[in-house]
Amino acid sequence: MRISKLLQMVPAALALTLSAPALAGDGAGPEVPKAIKGEECVEPTSDMRRNHMEYLKHHRDEALREGIRTKQYSLKQCLECHVAPEGDPQAPQDSSEHFCMACHEYAGVTIDCFQCHATQPKETASFHPLVTPGMKAIKDQAGRSGELLNQFAESHASKTRTGAIQ
Amino acid sequence: MKKTLYTQIEGGKGFWALLAGFGVVILAGLASMYYMEHNGHWVTGMNNSVVWGTPHVFAIFLIVAASGALNVASIGSVFGKKMYKPLAPLSGILAVALLVGGLAVLVLDLGRPDRLIVAMTNYNFKSIFAWNIILYTGFMAIVAIYLWMMLEKRFNKYSTSVGTFAFVWRLLLTTGTGSIFGFLVAREAYDAALMAPMFVVMSFSFGLAIFMLVLFASYRMTGRPLGDYVVRRLKNLLGVFVAGVLYFVLVYHLANLYATEHHGVESFILTSGGIYTMLFWVGQILLGSLVPLAILYNPATGNSRGWISIASVLVIFGGLSQLYVLLIGGQAYPMKTFPGYEVTSSFGDGMIASYSPTLPEVLLGISGFAIALVAVTIAVRHLRALPASLADGETDPHAA
Amino acid sequence: MSEDTNLKRREFIGNGAKLAAGLTIAPGVVVYGLSEASVPDRPAEEPASSERRWGMLVDSNKCATGCDKCVTACGEENGWDDSEPNSSPEQKAQWIRKVELRHKGTGKSHSLPMMCQHCENPPCVDVCPTNASMKRADGIVLVDRHRCIGCRYCMMACPYKARSFIHETLTDQEPHMPRGKGTVESCTMCVHRVDEGREPACVEECPEQAILFGDLNDPDSAIAQALTRYDSTAVREDLGLNPGVRYRGI
Ligand code: SF4
Ligand code: SF4
């Protein structure tokens, strides 16, 4: 079964499993998959743990309603680093291997983000999380210089990402 | 006239059996709702052309009837007709109950009923829907206060002024419900200034029909005396309201026939619309208006409670038909996006849209009635709302 | 003039390819250079502004009966082409559709794409109880699905039948275009592309260049120029909604 299918079923399953381990306080914690890209998140991990929903919600309203398209707190961007695209060997096979869902299932917090949002990045975008229009157009037009472009993309990507963290 | 004595109904076997019966219907409605929400609305008859289906027919009927059910109380306290006064508490209770039933159906048919909290925290004050939410909650609050004034002796003196306020509010509310359609500029069937007043008269008729059935049933089941005087007055009133609706329907269609631009939708409803034409002539006009009028005014049947009840049921059926024709027929008829052109597309442009109701939609709709009736049953069990007797001696000012 | 635009773009892309080797030093130049063709770029942190109003001019004279390349392009771009296996054809979403017209009196026929017309005074926005239907500062009308409760009032109110309700659970959405069960959706004018400085997918894919996209408020834009030069109409002009999408040849 596809991961996205599985995620759809989570809310129903959640009600039943409502985080028995969390209540029991066995101290094991959820097994959250490691990020597949980058070393640091856009904010310190402790901050993200506590406040990611606020960041996401704030960004979502700005992005959709006002057209502010910064990447720092975008859900799509979370997935770019935290979830491998479909077909990738690291891609989650069920919800317990999905960065968001593993923790949310553990904590028993139902979210409906993934009823609408894609659960994984697409292959094309994963070539570089910050595909700029210029690069995409050039890549489409001059496919053969792809090697060079990829190198460029990689270096540009790491620059931007660190930029966002500071 | 003697002072009216109000008492609660007994909580015996009959009471519980009644609750259980309605409970089953409500459960069926909830199961339908779960089925539709879990799968998505593809399991219903709705589609991208007919977006409001059978649940909306029931919901709007109940909401319209709710404001009409308050009428009996208004006639008593606002217009000072003595005979209606003892009926006022039941009238108020029924009004709130019907509104709750209708709103429940409306909410349970949303695409995302789980987001109700979003609807309550984000208001678009330009939206007539949002206005209606205020009108509905206000209605419940005002009628609740009104009931309190009526049932609590020491507040009785205020009941007339609160009653008047409630009456004005109910007119606003029905106008608001009618305006939901009035704002749809592009839909020909709804493009009529007559819509709002027509809804007001419809509410009188539907509300009274339900009120009479509930009154008859509760007095029969509790073995309380209900005199012919009350029955006769109510059935005459119902006759007037049914005739009133018929009159508005006539004017509405004549006006549409007069305006050339609306000929298409008129001939669709009146002659070529298949199920809609049939429901219009047979359901709305014949069974829902003419037959009840004949029953109510024919001396042979007009004095029999059995026949009057049948007439009331027919009025309800006619009302549902009327809303079905108006709501669903109005959507099935294609919008005129390109006047003067024959239009075709893969999205149903220029075509009569298809819609057939499915069982879950009907069950959800019917459960709205059950919700309302459960609420009434519980209310009259716990509030002293029903007069112990409505025998002629109690109500008829001319009786000895 | 739409030829003009395309010429410019092709020219530019040629340059772009030549430039590829030098990219590492000046990526910004490339990005800005591209967008000048028809869609000016806007920095990511800047909100959409009412100084712009995005619009389209559809030339139905160029639009061929039977061609539905714009429809296919939109479906693939936004992921609605094959996403609802359970829904009936009447229930499936259609953000854009081809409409065939035949004049009842003269028999003259036209073919044209219909989609959300991005009204200046959108009835869908007026009636939406939760403000989920909204108009962005730059005139693009969107559904905020975080707020949509699926009441379908907007679908009742839209005179162009531009909106679709999602009747079933969706999976595998496009990452840039979230959409899901129980909410309403319609053409977004490819807002995700426009914000990146790209044209909407239908505009790009039309083999006849029948759709011109641009800023109606900029008197120098190709679309504004074309609108001053040629007759054009809004569909149901009588309703006074002032749509951002206009048509030539009907
Ligand atoms: S075309 Fe319809 S959906 Fe689009 S803005 Fe106008 S009313 Fe709204
Ligand atoms: S369906 Fe959604 S977008 Fe449309 S009116 Fe209702 S809440 Fe607004």
Task: Test: C:Glu77 is at the interface with chain B (Cβ under 9 Å from one of its Cβ atoms) and either of a type outside the set (Val, Ile, Thr) or in a loop (DSSP other than H, G, I, E, B) (or both) - done: no
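Can you pull out the helices (runs of 4 or more DSSP H) entirely within segment C:137-248 that have at least 1 residues that are open to solvent by 30 Å² or more (accessible area, probe 1.4 Å) and more than 16 Å from ligand 2 (Cβ to nearest atom)?
On the way: elements: C:153-157, C:191-194, C:201-205, C:222-229.
Passing ranges, in order: C:201-205, C:222-229.
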Open item on the list: Given the condition modelled with pLDDT of 95 or more and aromatic (Phe, Trp, Tyr), answer yes or no: does some residue in segment B:61-77 qualify?
Closed with: yes
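Taking only segment C:85-125 into account, find how many residues are outside any loop (DSSP other than H, G, I, E, B), more than 16 Å from ligand 2 (Cβ to nearest atom) and more than 16 Å from C:Lys69 (Cβ to Cβ). Talk me through it step by step, then tell me what you get.
Residues of segment C:85-125 that are outside any loop (DSSP other than H, G, I, E, B), as a first pass: C:96-103, C:109-115, C:119, C:123-125.
Okay, now just the ones that are also more than 16 Å from ligand 2 (Cβ to nearest atom), so C:96-103, C:109-115.
When the remaining residues are screened for being more than 16 Å from C:Lys69 (Cβ to Cβ), the result is C:101-103, C:109-110.
Matching residues across segment C:85-125 total 5.
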Task: segment C:179-205, residues that are without any contact (Cβ under 8 Å) to a residue 60 or more places away in the chain and within 14 Å of chain B (Cβ to nearest Cβ) - done: C:Gly180, C:Lys181, C:Gly182, C:Thr183, C:Val184
Task: helices (runs of 4 or more DSSP H) contained in segment B:235-353 and holding at least 3 residues more than 22 Å from B:Phe181 (Cα to Cα) - done: B:291-297, B:299-302, B:305-324
Task: Unmet criterion (only one of (1) without any contact (Cβ under 8 Å) to a residue 40 or more places away in the chain; (2) more than 9 Å from chain C (Cβ to nearest Cβ); (3) open to solvent by less than 60 Å² (accessible area, probe 1.4 Å)) for B:Ile145 - done: (3)
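Please work out if B:Leu94 is open to solvent by less than 30 Å² (accessible area, probe 1.4 Å), more than 28 Å from B:Glu394 (Cβ to Cβ), under 19 Å from the mean Cα position of the chain (by Cα) and more than 14 Å from chain C (Cβ to nearest Cβ). Steps first, answer last, please.
Details: open to solvent by less than 30 Å² (accessible area, probe 1.4 Å): yes; more than 28 Å from B:Glu394 (Cβ to Cβ): no; under 19 Å from the mean Cα position of the chain (by Cα): yes; more than 14 Å from chain C (Cβ to nearest Cβ): yes.
The answer is no for B:Leu94.
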Task: Which numbered condition C:Arg193 fails, given (1) within 16 Å of ligand 1 (Cβ to nearest atom); (2) in contact with a His (Cβ under 9 Å, 6 or more places away or on another chain) - done: (1)
Open item on the list: Against the condition touching a residue at least 12 places away in the same chain (Cβ under 8 Å), more than 19 Å from B:Val72 (Cα to Cα), open to solvent by 10 Å² or more (accessible area, probe 1.4 Å) and over 17 Å from the mean Cα position of the chain (by Cα), how does B:Val185 come out, does it pass?
Closed with: no
- [ ] Filter segment C:131-177 for residues that are within 8 Å of chain B (Cβ to nearest Cβ) and of a type in the set (Val, Ile, Thr) and give the result.
- [x] C:Ile149, C:Ile166, C:Thr169
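The values are calculated or read from the model by the stated rules, or taken from the named source; none is laboratory data. Values in this document were obtained by computation on a predicted structure and should not be read as measured data. Positions of Cβ are generated from backbone atoms using ideal geometry, with glycine treated the same way; all protein chains shown enter the neighbour counts. SASA here: full protein model, heavy atoms, side chains in, ligands and nucleic acids out. Shrake-Rupley method; radii C 1.70, N 1.55, O 1.52, S 1.80 Å.
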